[in-house]
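Here's the structure we're looking at; comments come further down.
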Amino acid sequence: FPAEDTVNDANWVEMATAATDSADALTAITLGAYKLIKTVSITANVQAMSISAFESWLVARLANKIEKAVDAGILTGSGVNQATGILTTLTTADGTWTSAGIGYADVLKIIAKLGSAYRNDAKFVMSSDMFFAKVLGMVDTQKQPIVKLADGGQGGPVYRLIGYPVIVDDNCTSDNILFGDLKAYKFNFAKSPEVSSDDSVEFRTGNRVYRAMALADGKLADVNAIVRYKKA
């Protein structure tokens, strides 16, 4: 993926005056193909007792395990044989709130820290404990709630914190809040998730092994697109 490195602003020039070339530079984000896998062995007697929907249920569960691993990788992946997470990349927090607890003024500081170029598509990311126990009941200086609830239909409730969507994800480690344009994180499946089964692996036992596997990688392309705040 191409990524901006050094990019100068556009300049106004007089009519009939030639523009001066700027020393812009591009870099690239290279994604690998790390193996993401989950296997489970099903005994012969369970297979014999299973109804026709059993295999569909099992495939769905395996796919869910892959999804959860991808989710964790995007936020906390170490970058060693796996995706590099946002929290792993942003090792230094952009700011803190006091140990006494986060307040309305702190939320405004988090929003103000993000550059305006990224703010239109920005979202908050925080853990369940952070959001429900420490942010959801927060009020502004006029004693009005700063979190609004919108009907998300079958997708569940949609929360907006001072107008910005909130993603509640427990992979965002405790006492951390991320705010930014998440499109700056690039994730790619070199091989899409696939579920397959094989009897030969445990032929002697009569078991069947189910395997969900994908090849994928992810990295944050623009460190300026997301800010990280944490408890002091």
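What tally of residues in the range 62-108 results from selecting those that are of a type in the set (Val, Ile, Thr) and part of a helix (DSSP H, G or I)?
Selection size over the range 62-108: 8.
Picking from 17, 6, which residue would you name as being open to solvent by less than 80 Å² (accessible area, probe 1.4 Å) and modelled with pLDDT of 80 or more?
Sole residue among the options that is open to solvent by less than 80 Å² (accessible area, probe 1.4 Å) and modelled with pLDDT of 80 or more: 17.
What is the number of the single condition among (1) open to solvent by 30 Å² or more (accessible area, probe 1.4 Å); (2) without any contact (Cβ under 8 Å) to a residue 40 or more places away in the chain; (3) more than 19 Å from residue 230 (Cα to Cα) that residue 206 does not meet?
(2)
Somewhere in the range 144-151, is a residue part of a strand (DSSP E or B), open to solvent by 40 Å² or more (accessible area, probe 1.4 Å) and touching a residue at least 24 places away in the same chain (Cβ under 8 Å)?
no
Just to be sure, is residue 30 over 30 Å from residue 205 (Cβ atoms), under 24 Å from the mean Cα position of the chain (by Cα), hydroxyl-bearing (Ser, Thr, Tyr) and outside any helix (DSSP H, G or I)?
Against the criterion (over 30 Å from residue 205 (Cβ atoms), under 24 Å from the mean Cα position of the chain (by Cα), hydroxyl-bearing (Ser, Thr, Tyr) and outside any helix (DSSP H, G or I)), residue 30 qualifies.
What are the residues in the range 178-196 that are within 8 Å of residue 216 (Cβ to Cβ) and among the aromatic types (Phe, Trp, Tyr), if any?
Once the filter is applied, which keeps residues that are within 8 Å of residue 216 (Cβ to Cβ) and among the aromatic types (Phe, Trp, Tyr), the range 178-196 yields 187, 189.
Please specify each residue of the range 65-111 satisfying the condition of being of a type outside the set (Val, Ile, Thr), farther than 18 Å from residue 166 by Cβ and open to solvent by 50 Å² or more (accessible area, probe 1.4 Å).
Passing the criteria: 65, 67, 68, 78, 81, 82, 94, 99, 100, 105.
Exactly one of these conditions fails for residue 159: (1) without any contact (Cβ under 8 Å) to a residue 60 or more places away in the chain; (2) open to solvent by less than 20 Å² (accessible area, probe 1.4 Å); (3) among the aromatic types (Phe, Trp, Tyr). Give me its number.
Among (1) without any contact (Cβ under 8 Å) to a residue 60 or more places away in the chain; (2) open to solvent by less than 20 Å² (accessible area, probe 1.4 Å); (3) among the aromatic types (Phe, Trp, Tyr), the lone unmet condition for residue 159 is (2).
Residue 123 passes all but one of (1) loosely packed, with under 11 Cβ neighbours inside 10 Å; (2) modelled with pLDDT of 95 or more; which number fails?
Only one criterion in (1) loosely packed, with under 11 Cβ neighbours inside 10 Å; (2) modelled with pLDDT of 95 or more is unmet by residue 123, namely (1).
Per-residue answers, yes or no, for (1) touching a strand residue (DSSP E or B) at 6+ places or on another chain (Cβ under 6 Å); (2) closer than 21 Å to residue 39 by Cβ; (3) modelled with pLDDT of 95 or more:
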{"position": "131", "(1), (2), (3)": "yes, no, yes"}
{"position": "136", "(1), (2), (3)": "yes, no, no"}
{"position": "150", "(1), (2), (3)": "yes, no, no"}
{"position": "177", "(1), (2), (3)": "yes, no, yes"}
{"position": "211", "(1), (2), (3)": "yes, yes, no"}
{"position": "221", "(1), (2), (3)": "yes, no, no"}
{"position": "226", "(1), (2), (3)": "yes, no, yes"}
{"position": "229", "(1), (2), (3)": "yes, no, yes"}
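The values are calculated or read from the model by the stated rules, or taken from the named source; none is laboratory data. Fair warning: this is a prediction, and the values are worked out from it, not measured in the lab. Note: ideal-geometry Cβ built from the backbone for every residue, glycine included; neighbour counts use all protein chains shown. To get the accessible areas, we keep the full protein, side chains included, count just its heavy atoms, and leave off ligands, DNA and RNA. Shrake-Rupley method; radii C 1.70, N 1.55, O 1.52, S 1.80 Å.
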